[in-house]
Amino acid sequence: MVQLHVTNSPFSESQVELLNRLVPTLTETQRIWLGGYLAALGVNAGAAVSAAEPSVPAEQAAIPAAAPAASREVTILFGSQTGNCQRLATSLSGKLKEQGFSVNLSAMNSFKPNTLKKTENLLLLVSTHGEGEPPDNARSFYEFLYSKRAPQLEGLHYSVLGLGDTSYEFFCQTGKDFDQRLEELGGARLSPRIDCDLDYDDPAAEWITQVISALNARLNAPNIAAAAVQAAEHADAPASPFSRNQPYYAEVLENLNLNGRGSDRETRHIELSLEGSGLSFEPGDSLGVYPENHPQLVEDLITAMGWDAQQTVPLNKKGDKGTLREALLRHYEITVLTKPLLEQAAKLTSAPGLQELLLPERQQALKDYIQGRDLLDLAVDFAPWEVPAAEFVTILRKLPARLYSISSSWSANPDEVHFTVRAVRYEAHGRQRYGVCSVHCAERAEPGAKLPVFIQSNPNFKLPANPDAPVIMIGPGTGVAPFRSFLEEREVQGAAGKTWLFYGDRRFVTDFLYQTDWQRMLKDGVLSRLDVAFSRDTAEKVYVQHRLLEHSRELYAWLQEGAHIYVCGDEKHMAHDVHTALLTVIEEEGGMSAEAAAAYLDTLQQEQRYQRDVY
Ligand code: NDP
């Protein structure tokens, strides 16, 4: 690179030195940007000269054409399963628009990947599922970035927000993958990635502040980060005064066991009153419920630690205070162990075993220990603690809400919300364990009691806008819940489209959830077809996907008529097997190759005609 000297430039010695230090460190993009910036300054200077000296001929006053200044266009892409990333992305978009940015907000699967090359500012929000997998609507974009077709992205400035759960081994893996891949392709980070645990509000607000600040700095606009902070604090401003951050205490109207006597399962149908809350919802949305920990577990933990249940401790980071019993019942998570928690706890005990468990070479032992154990195990296994409760609780995560698919329609049951919960009880490591929320709902949510709840909208699980479109619903077990809402809604709408439900559970006699509802709907024509698979009534297991294959011709005909398919329930096995069965149906009935069938199903997903709510 040519060096500047005092003699070959109009600069002073110290300016030359500064420039010679700076210029060689600039990337190509930075040089282009700087060129545009200086040229833009030149416009103003030129304008001032011409005004002061009108006699200067136009050609002498001419200024160099401005190089393109950095764009104020920002692309926000989200990959969201339950709607959290989508909500944050929408909120971020609003804030950027307020500051004069032009925003292109899109789900990853609706974004045309070939426009990525031209994108200058990219903000990407994505959650992680299962064993480190992307959400459904991030999958195609994820695969594109990792494919040979992915372009070089030297002009790209980006930042990633990851949502996840530290109790999973592959915490925020999808966010990490995107962040790393964009860097590999030549992108430059606007601000560092932030990985959020379940309680994501504060770190997400921090990330929003940082990216807005970085965008403003990059575009040389005034730094309005303070305004952004203020705005970020109101990220969840809802229409109703009640939200995830301020739940509504809804009265329990009804709490029924849907399983018959002799069943090995207990599934509760719970009806709550939302009267006066201002809350409402659409079919496909979820209900967030803040549970209480099991009172016996709380008591046993306090005893094991040698604490006093009535002593005062912090309830949260805001500085609210309450009794230890209250804190452990309603405010802190005590049933899940995570590596970050164990790392903190190791500083609070003199028992050497915990430090050893955290040694890098003992990763597998750590994983085995965490699996299925809770805080009581930790308290007992690594005593003595001799740590004040007020200090110990500060290392605990906030007790997170659980989400359940809503099983009623607002139009059919105004001012009420129904949901469906299977009680989780099992034995592990020599002790009875209880699912926090499901057992709270099953054992301690009698009619008249109140549950703190909020509505979590799910834009990725919605009935077709066209009421004439056929609807295929696949929901074994508690996965059937949203389809009760769908069908109630269609009944109120008087929708003409055909409906087909595939349902399965263990036994016909004891486990046929909502049987009388489906029978009535069949009689009234709201439900056109019902196919069931009871897995433990026959020697050989029969699952919903077997029914799909048995009726493949009709199923394919429905798809060709424009049907929308919905899958809800178990993610690990069922959703995967159903997906494979759908591919087989399309391949065989459509006379397609495996690749063509996969492309067909991808297109359905792209067109939001194949939607899943799996967990
Ligand atoms: P399940 O999915 O466990 O069982 C429903 C039916 O699906 C059973 O007949 C079961 O058969 C069958 N099944 C098992 N494997 C497959 C498969 N690969 N493909 C298709 N069907 C299969 O119902 P649940 O409602 O209990 O659980 C659904 C999901 O919800 C799970 O992921 C569970 O962990 C989760 N969950 C939900 C709770 C809630 O209250 N909503 C509470 C706790 C967990 P079989 O058992 O005979 O093999």
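The values are calculated or read from the model by the stated rules, or taken from the named source; none is laboratory data. A quick note: this is a predicted structure, and the numbers were derived from the prediction, not measured. Cβ atoms come from the backbone with ideal geometry, glycine included; neighbour counts cover every protein chain shown. All accessible areas refer to the heavy atoms of the entire protein, side chains included, with ligands and DNA or RNA removed. Shrake-Rupley method; radii C 1.70, N 1.55, O 1.52, S 1.80 Å.
So that you can scan it fast, the table gives a plain yes or no per residue for (1) free of Cβ contacts under 8 Å to residues at least 60 places away in the same chain; (2) assigned by TED's automatic domain parsing to the domain that holds GLY504; (3) of a type in the set (Lys, Arg):
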{"residue": "GLU391", "(1), (2), (3)": "yes, no, no"}
{"residue": "SER407", "(1), (2), (3)": "no, no, no"}
{"residue": "SER411", "(1), (2), (3)": "no, no, no"}
{"residue": "THR420", "(1), (2), (3)": "no, no, no"}
{"residue": "ALA428", "(1), (2), (3)": "yes, no, no"}
{"residue": "ARG433", "(1), (2), (3)": "no, no, yes"}
{"residue": "VAL436", "(1), (2), (3)": "no, no, no"}
{"residue": "PRO476", "(1), (2), (3)": "no, yes, no"}
{"residue": "PHE483", "(1), (2), (3)": "no, yes, no"}
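For the structure I just gave you, tell me whether ALA383 is at pLDDT below 95 and either within 16 Å of the ligand (Cβ to nearest atom) or within 18 Å of VAL298 (Cα to Cα) (or both). So that I can check it myself, show each step before the final result.
Working: at pLDDT below 95: yes; either within 16 Å of the ligand (Cβ to nearest atom) or within 18 Å of VAL298 (Cα to Cα) (or both): yes.
Yes; evaluated as a whole, the condition is true for this residue.
Within segment 439-448, if we keep just the residues that are within 16 Å of the ligand (Cβ to nearest atom) and touching a residue at least 40 places away in the same chain (Cβ under 8 Å), the residue that is surrounded by the most Cβ atoms within 10 Å (Cβ to Cβ) turns out to be CYS441.
Counting only strands (runs of 3 or more DSSP E) that sit completely within segment 506-615, those holding 2 or more residues that are closer than 15 Å to ASP136 by Cα correspond to 564-569, 610-614.
When the residues of segment 576-588 are filtered to those that are in contact with a helix residue (DSSP H, G or I) (Cβ under 9 Å, 6 or more places away or on another chain) and within 8 Å of the ligand (Cβ to nearest atom), the one that is farthest from TYR610 (Cα to Cα) is ASP577. Filtered by the rule that a residue be more than 15 Å from the ligand (Cβ to nearest atom) and either of a type outside the set (Lys, Arg) or crowded, with 22+ Cβ neighbours inside 10 Å (or both), segment 429-438 gives HIS429, GLY430, GLN432. Within segment 291-310, residues that are touching a residue at least 24 places away in the same chain (Cβ under 8 Å) have Cβ atoms under 7 Å from residues that are open to solvent by less than 50 Å² (accessible area, probe 1.4 Å) and not aliphatic (A, V, I, L, M) in these pairs: PRO291/CYS437; PRO291/HIS440; GLU292/HIS440; ASN293/THR335; MET305/TRP385, counting only partners at least 6 apart in sequence or on another chain.
Specify the residue that is farthest from the ligand (Cβ to nearest atom); the eligible residues are those in segment 559-575 that are of a type in the set (Asp, Glu) and more than 20 Å from GLY590 (Cα to Cα).
By that ranking, first place goes to GLU571.
Results for (1) open to solvent by less than 20 Å² (accessible area, probe 1.4 Å); (2) of a type in the set (Gly, Ala, Ser), shown as yes or no for each residue.
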| residue | (1), (2) |
| --- | --- |
| SER80 | yes, yes |
| ASN84 | no, no |
| LEU92 | yes, no |
| SER106 | yes, yes |
| GLU120 | no, no |
| GLY130 | no, yes |
| ALA138 | yes, yes |
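Only helices (runs of 4 or more DSSP H) wholly contained in segment 321-398 count here; list those with 2 or more residues that are crowded, with 17+ Cβ neighbours inside 10 Å and out of contact with any strand residue (DSSP E or B) (no Cβ under 8 Å at 6 or more places or on another chain). Steps first, answer last, please.
Details: elements: 339-346, 352-357, 363-370, 375-381, 389-392.
Ranges flagged: 339-346, 352-357, 363-370, 375-381.
The residues in segment 449-480 that are surrounded by fewer than 23 Cβ atoms within 10 Å (Cβ to Cβ) and more than 16 Å from the ligand (Cβ to nearest atom) can be counted, and the count is 14. In segment 319-336, the residues that are in the same structural domain as ALA379 (by TED's automatic domain parsing) form Cβ pairs under 6 Å with partners that are among the hydroxyl-bearing types (Ser, Thr, Tyr) and open to solvent by 40 Å² or more (accessible area, probe 1.4 Å), at six or more places apart or across chains, as follows: LYS321/THR312; VAL336/SER167. Looking only at residues in segment 399-413 that are part of a loop (DSSP other than H, G, I, E, B) and either touching a Ser or Thr at 6+ places or on another chain (Cβ under 9 Å) or within 18 Å of ARG433 (Cβ to Cβ) (or both), the one that is most open to solvent (accessible area, probe 1.4 Å) is TRP410. Of the strands (runs of 3 or more DSSP E) lying entirely inside segment 109-206, those containing at least 3 residues that are out of contact with any Cys (no Cβ under 9 Å at 6 or more places or on another chain) span 121-127, 157-163. Only one entry of LEU548, LEU501, LEU530, LEU513 meets the criterion of being out of contact with any Gly (no Cβ under 9 Å at 6 or more places or on another chain), within 16 Å of the ligand (Cβ to nearest atom) and open to solvent by less than 10 Å² (accessible area, probe 1.4 Å), and that entry is LEU548. Take GLU416 and decide whether it is at negative phi, open to solvent by less than 30 Å² (accessible area, probe 1.4 Å) and in contact (Cβ under 8 Å) with a residue 12 or more places away in the chain. When the stated conditions are applied, GLU416 does not pass them. State the number of residues belonging to segment 485-524 that are in contact (Cβ under 8 Å) with a residue 40 or more places away in the chain and either among the basic types (Lys, Arg) or in the same structural domain as ARG261 (by TED's automatic domain parsing) (or both). Total meeting the criteria: 3. Beta carbons closer than 7 Å, at least 6 apart along the sequence or on distinct chains, pair a first residue in segment 68-97 that is farther than 29 Å from GLY288 by Cα with a second that is among the β-branched types (Val, Ile, Thr) for VAL74/VAL103; THR75/THR119; LYS97/VAL103.
Residues being of a type in the set (Ser, Thr, Tyr) and open to solvent by 60 Å² or more (accessible area, probe 1.4 Å) are entirely absent from segment 562-571. Among the residues making up segment 449-472, a single one is within 26 Å of the chain's Cα centre (by Cα) and without any contact (Cβ under 8 Å) to a residue 40 or more places away in the chain: ALA465.
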